[in-house]
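The values are calculated or read from the model by the stated rules, or taken from the named source; none is laboratory data. Everything numeric here is computed off the predicted structure, so don't read it as measured data. Cβ sites come from the backbone with ideal geometry, for glycine too, and all protein chains shown count toward neighbours.
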C-alpha cells in the first residue's frame, strides 16, 4: 500500500511540475529562434574588396582535384564561376549536370555579410556555430523536409558582421568545413591589407 501512495504522489508532482512552466490563461509562448552569432576573438581579414574578385579568382580558391577529393567523384566539367557585380562572386564544382542532391560544391564571396548569411543558415533546422580554421562560422546540415538538399556554411571574414563573408554549399557539413579550411588561407592572401 505505501508503494501505491508514493506512486500517486509522484504522478501528482509530475503533473504539477508540467503545468508550472505554462501560463494559466495566456498564449502559448513561441520558440525563440537561434540567435545570430556574436563577434568573437576569431581571425579576421579585410573582406570589403573581396566581392570585386573575378569568378576565375574565386575558382582558384579551391582546386578542381581538391573538389573531386571532397565530393568523391570526378567533376563533369571545369569549375564554373559567375559574378554579380558588387553583390557576390561564385564558383560551382559539379560532378553531374544540374544541381542535384549531393553532387556539387559552391563557394561564394557574398556582400550580404555574415549577418545576412547567418540569417539564411538559421532557416535550417540544427543551425550551429563553429570555428573553421580560426574563423567564426555558422553551419547547418542538409535536411530533407523542407527540402534543403545541401549543407550550408557561412564564415565571418571581417570584424564587422555586415562586411562580405564566405558562403559554402556542399553535400555535408564535413565537406563544407573541409572546403572552407582549404579556401580561407588562399582568400586571406587575396584580401587587401587591413585599414589602420
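Only one of (1) in contact with a helix residue (DSSP H, G or I) (Cβ under 8 Å, 6 or more places away or on another chain); (2) crowded, with 23+ Cβ neighbours inside 10 Å; (3) more than 20 Å from residue 92 (Cβ to Cβ) is not met by residue 161, so which one is it?
Against the list (1) in contact with a helix residue (DSSP H, G or I) (Cβ under 8 Å, 6 or more places away or on another chain); (2) crowded, with 23+ Cβ neighbours inside 10 Å; (3) more than 20 Å from residue 92 (Cβ to Cβ), residue 161 comes up short only on (2).
Residue 102 is checked against (1) within 12 Å of the chain's Cα centre (by Cα); (2) part of a loop (DSSP other than H, G, I, E, B) and fails just one. What number does that condition carry?
Every condition holds for residue 102 apart from (1).
State all residues of segment 86-98 that are touching a residue at least 24 places away in the same chain (Cβ under 8 Å) and part of a loop (DSSP other than H, G, I, E, B); if no residue qualifies, say none. Quick ask: steps written out before the conclusion?
As a first pass, look at segment 86-98 and keep what is touching a residue at least 24 places away in the same chain (Cβ under 8 Å): 86-91, 93, 95.
86, 87, 95 - these are the residues of segment 86-98 that are touching a residue at least 24 places away in the same chain (Cβ under 8 Å) and part of a loop (DSSP other than H, G, I, E, B).
Report, by residue number, each residue of segment 58-72 that is out of contact with any helix residue (DSSP H, G or I) (no Cβ under 6 Å at 6 or more places or on another chain), surrounded by 15 or more Cβ atoms within 10 Å (Cβ to Cβ) and within 17 Å of residue 151 (Cβ to Cβ).
67, 71
Conditions (1) within 20 Å of residue 138 (Cβ to Cβ); (2) in contact with a strand residue (DSSP E or B) (Cβ under 7 Å, 6 or more places away or on another chain); (3) modelled with pLDDT of 80 or more; (4) not in a strand (DSSP E or B), marked per residue:
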residue: 34; (1), (2), (3), (4): yes, no, no, yes
residue: 37; (1), (2), (3), (4): yes, yes, no, yes
residue: 45; (1), (2), (3), (4): yes, no, yes, yes
residue: 75; (1), (2), (3), (4): no, yes, yes, yes
